[in-house]
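Working notes for the structure below.
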Amino acid sequence: MTTPIPTGHHAVGEREEAQVSRLLTGLSAMAIAFLLGIGGKAWFVGHTSHAITLWCFSALVAGNMLWFARTRDRLLQKGGMIVIVGLLFAYLVASGGESNTGPLWFYVFPPLLFYLTSLKTGTAVLLFCSLVTVVVFQFPALPLVAAEYSTDFKIRFFATLIFESIFCFVLEASRLKARNELLALAESHEKASRTDDLTGLSNRRDMQERLATEFSRHQRAGHHFSVVLVDLDLFKNINDHYGHDAGDQVLRQFASLMKTVIRQTDIGARWGGEEFLILLPDTSLLQALTLAERLRSEVASTPFRSGNQTLPVTISAGVCSIASIGSVNELLRQADVHLYNAKEAGRNRIAPRVRSQCAGPAEHTAP
């Protein structure tokens with residue numbers, strides 16, 4: 001099976017994931033520095049338990065960084081960071097931090113959460129953390145809760161938190177919408193640059209890249225492949241006698257017919273003008289000749305129409321296998337020679353018709 005050409009979405013997604021990982025590593029390093037610093041300050045003013053707890057959280061962040069360095073698991077890196085930060089904020093809300101300012105660090109959570117997760121996941125986690133905060137605020141006598149907050153603080157805290165959360169949600173939704181629109185536009189341009197406008201098949205540029213990929217696969221793993229170079233016989237006469245619109249319609253009809261004959265793993269391309277090239281992965285010369293003959297027979301027996309007119313359409317094709325060919329250029333040159341021989345022999349036929357120099361020593365052509 002041919003190696004797929006990477007899409008713009010895939011490449012951009014990889015770059016974004018790598019960027020998030022780098023940013024998260026930087027944020028983790030900053031978090032460790034802050035936790036160590038604030039913990040040190042708490043230690044010197046006599047809040048030893050608070051200092052030790054903050055240092056433990058700094059150790060968890062460092063452990064998450066080291067685990068990511070070892071496994072390179074980006075999903076686990078993000079999930080670990082969110083869990084650690086969530087637990088840290090739960091502790092700060094329950095303990096009050098220093099002078100009951102612990103909940104203020106919660107404002108860091110919404111932008112980080114929406115950046116690292118999806119909007120749906122971020123909203124769910126944020127609602128859960130907010131629910132925990134409400135429980136702590138309303139029931140200060142619960143176990144592990146050491147802080148008690150004034151009603152004015154609670155109202156101001158939740159009002160500003162809700163405003164910030166909605167603001168972050170809208171900004172992230174707008175960013176994602178703009179990103180997806182740009183990616184869709186880039187992908188449509190990329191597809192257009194690889195697709196023939198008239199037939200919808202791959203164009204010459206795309207086929208050249210696929211040939212290079214298939215040849216690399218052949219060199220690396222020994223997988224053989226073949227090509228079929230197809231030319232519509234006397235196509236100029238169709239343009240001259242019936243008009244260029246009729247000629248375009250014939251090209252589109254032939255492309256559609258070709259798609260029904262080749263396999264899903266095969267690649268058909270408009271090579272130029274009325275020439276088409278078919279790439280057949282994991283296909284011997286004999287198999288390629290069989291497919292080419294089936295395509296020739298289908299074209300010869302299919303009525304091509306333009307308006308109320310039936311147009312005379314046949315094809316000639318040159319077939320070659322990579323079996324004993326040293327390069328893609330040589331493969332294409334040999335297929336072109338065979339196409340020329342087929343046209344010289346009377347058109348509406350496939351070449352080679354006898355043993356070919358591009359075939360292996362035990363391969364013979366189909367009639």
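The values are calculated or read from the model by the stated rules, or taken from the named source; none is laboratory data. Just so it is clear, the structure is predicted and the values come from calculations on it, not from any experiment. For neighbour counting, all protein chains shown are included, and Cβ atoms are generated from backbone atoms with ideal geometry for every residue, glycine included. Note: accessible area is taken over every heavy atom of the protein model, side chains too, but ligands, DNA and RNA are not part of it. Shrake-Rupley method; radii C 1.70, N 1.55, O 1.52, S 1.80 Å.
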So Y107, is it open to solvent by 50 Å² or more (accessible area, probe 1.4 Å), out of contact with any Pro (no Cβ under 8 Å at 6 or more places or on another chain) and in contact (Cβ under 8 Å) with a residue 60 or more places away in the chain
no
From (1) among the aliphatic types (A, V, I, L, M); (2) open to solvent by 60 Å² or more (accessible area, probe 1.4 Å); (3) in contact with a helix residue (DSSP H, G or I) (Cβ under 8 Å, 6 or more places away or on another chain); (4) in a helix (DSSP H, G or I), pick out the condition that doesn't hold for L127.
(3)
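Being open to solvent by less than 30 Å² (accessible area, probe 1.4 Å), modelled with pLDDT of 90 or more and among the small types (G, A, S) narrows it down to one of G96, G80, G86, so name that one.
The match here is G80.
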Can you find even one residue in the range 347-366 that is modelled with pLDDT under 95, crowded, with 17+ Cβ neighbours inside 10 Å and β-branched (V, I, T)?
yes
Could you list, in sequence order, all residues of the range 319-336 that are in a strand (DSSP E or B) and among the polar types (S, T, N, Q)?
S321
Do we have any residue at all in the range 137-159 that's under 19 Å from K78 (Cβ atoms), assigned to a helix (DSSP H, G or I) and open to solvent by 60 Å² or more (accessible area, probe 1.4 Å)?
no
Test: L211 is modelled with pLDDT of 95 or more and out of contact with any strand residue (DSSP E or B) (no Cβ under 6 Å at 6 or more places or on another chain)
yes
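Being over 22 Å from R194 (Cβ atoms), open to solvent by less than 10 Å² (accessible area, probe 1.4 Å), part of a helix (DSSP H, G or I) and modelled with pLDDT under 95 is the requirement here; does A246 meet it?
In short, yes.
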